[in-house]
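Take a look at the structure below.
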Amino acid sequence: MEIRVVEKVLKVNDELAQAVRDRLRPLGVATVNMISAPGSGKTTLIERAVEALGAARRIQVIEGDPDTTLDAERIAATGAPVVQINTAGGCHLEANLVLRALEQLDLAPGDLLVIENVGNLVCPVSFDLGEDKRVAVVSVTEGHDKPAKYPKLFRCADLVVLNKIDLLPHVDFDVARFREYVEKLQPGVPVLDVSCRTGEGVDAWADWLRALGPADAVR
Amino acid sequence: MHEFSIVENILERALAIAVEHGHLPVSRVRVAIGALQQVEPEVLEFAFQAAVQGTLAEDAAFEWRAVPARIACAACDAQFEPEDLFWVCPECAAAGGRVLAGDELVLESVVLDET
């Protein structure tokens, strides 16, 4: 007996992601999902954003890692409310984990929720977390070919941050090639050059976040 | 390795159907995998065979079919099947576009063994 199903395999995750949106949109909280390889500087970008936005725009953070609370401790040191999710080895966050983490945050209208996904350029892309915007982060030590190797992320990112540009003199990273790959995968997607170490580009990163309002709660 | 999460979802749905139908064993699951999914079917199959141990789907076959990508050009709306990872419209040479097909990961059916 063949039972016809024809439904998305990740239907349950999609439904839970919608539950996240249903919770956050009426509150007027914009949500960002940051995806990158491990060590590309997501946590530092969040630290700089918290400093730059200051009291004018409160950032709350959900940190995803296979293990430890190290990133949450760094974020907590900035004063931003943070919840650490440990995936126990899991390679990506799923919407049910975000939904649970929301219970531990006291989100208020106008807050910005930043979700730092598990460091991985493949798996997180398939799992909607209920975010409004996706940010892809690449650091120059990873190589300019990453967009071509991981096209799915760069096709769905709303912003691409090229991080650690202070290291460009020391690595064979071709910025023009990188931008060309991104542009071919998703014409028009903004790319920001940033160095959290020198501060270059941090203003542009903060401006991009600041500009996210409840009106951006569409995806 | 998100293949394991995907398999968990497939198995959970298949087992629920098996239970609904009087705990019949599952003999086959049929899945459609879009070409744009970053999913390796052989890894899925391997993960599936590992996950089904000790369940009603223990002897189930994992059957999949590939769904080719189909893109609508963002500039002229022509439809085409991309030839490589950089989508270029064959009509107007614009880059990028909107996905019409190839992004799916769908459980199409579950076959139960009535014998």
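So the values come out like this:
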{"quantity": "Residue-normalised accessible area of chain A, expressed per residue, 1.4 Å probe, Å²", "calculated": "41 Å²"}
{"quantity": "Cα-projected label distance for residue B:63 with residue A:18, points at 7 Å along beta-carbon direction, nm", "calculated": "2.9 nm"}
{"quantity": "Inter-chain shielding of A:115-123 (mean C-beta neighbours from other protein chains, 10 Å cut-off)", "calculated": "2"}
{"quantity": "Environment charge of residue B:72, counting only residues whose C-beta is closer than 13 Å and scoring Lys/Arg +1, Asp/Glu -1", "calculated": "-2"}
{"quantity": "Solvent-accessible heavy-atom area per residue, rounded to whole Å², over the range B:1-70 at 1.4 Å", "calculated": "48 Å²"}
{"quantity": "Gaussian network model of chain A, springs between alpha carbon atoms under 10 Å - residue of A:115, A:62, A:165 with greatest fluctuation", "calculated": "A:165"}
{"quantity": "Check: chain A dipole with +1 on Lys, Arg Cβ and -1 on Asp, Glu Cβ, in debye", "calculated": "420 debye"}
{"quantity": "Dimensionless Rg ratio for chain B, taking C-alpha atoms and the 2.2 N^0.38 Å reference", "calculated": "1.33"}
{"quantity": "Among A:11, A:164, A:42, residue whose mean-square fluctuation peaks in a GNM of chain A (springs only between Cα atoms under 10 Å)", "calculated": "A:11"}
{"quantity": "Area buried, chain A against chain B - accessible surface, total, 1.4 angstrom probe, square angstrom", "calculated": "2600 Å²"}
{"quantity": "Most positive-pole-ward Cα, A:40, A:97, A:181, against dipole of the range A:11-213 from beta carbon charges", "calculated": "A:181"}
{"quantity": "For the range B:30-54, residues shielded by at least 50 square angstrom of accessible area compared with the chain on its own, probe 1.4 Å", "calculated": "B:38"}
{"quantity": "Mean Cβ neighbour count within 10 Å, used as a protection proxy, ranking A:94-107, B:50-63 highest first", "calculated": "A:94-107, B:50-63"}
{"quantity": "Bins of 10 Å, starting at 0 and running to the largest distance - Cα pair percent for the range A:11-213", "calculated": "9, 38, 38, 14, 1"}
{"quantity": "Candidates B:18, B:35, B:74: whichever shows maximal mean-square fluctuation once chain B is modelled as a Gaussian network with Cα springs under 10 Å", "calculated": "B:74"}
{"quantity": "Total charge dipole magnitude, chain B, about the Cα centre, Cβ charges on Lys, Arg, Asp, Glu only, Debye to nearest 20", "calculated": "220 debye"}
{"quantity": "Within 10 Å of each Cβ in B:102-113, the average number of Cβ atoms from other chains", "calculated": "4"}
{"quantity": "Local electrostatic count at residue A:174 - Lys and Arg +1, Asp and Glu -1, tallied over other residues with Cβ under 13 Å", "calculated": "-1"}
{"quantity": "Computed FRET value (nearest 0.05) for residue A:73 with residue B:114, which takes r as the C-beta separation and R₀ as 51 Å", "calculated": "0.35"}
{"quantity": "Accessible carbon and sulfur surface of chain A relative to its total accessible area, %, 1.4 Å", "calculated": "51 percent"}
{"quantity": "Shielding by other protein chains, A:8-14, mean Cβ within 10 Å", "calculated": "6"}
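The values are calculated or read from the model by the stated rules, or taken from the named source; none is laboratory data. Not measured: the values here are computed from a predicted model. Cβ atoms come from the backbone with ideal geometry, glycine included; neighbour counts cover every protein chain shown. The accessibility values were calculated without ligands, DNA or RNA, using every heavy atom of the protein model including side chains. Shrake-Rupley method; radii C 1.70, N 1.55, O 1.52, S 1.80 Å.
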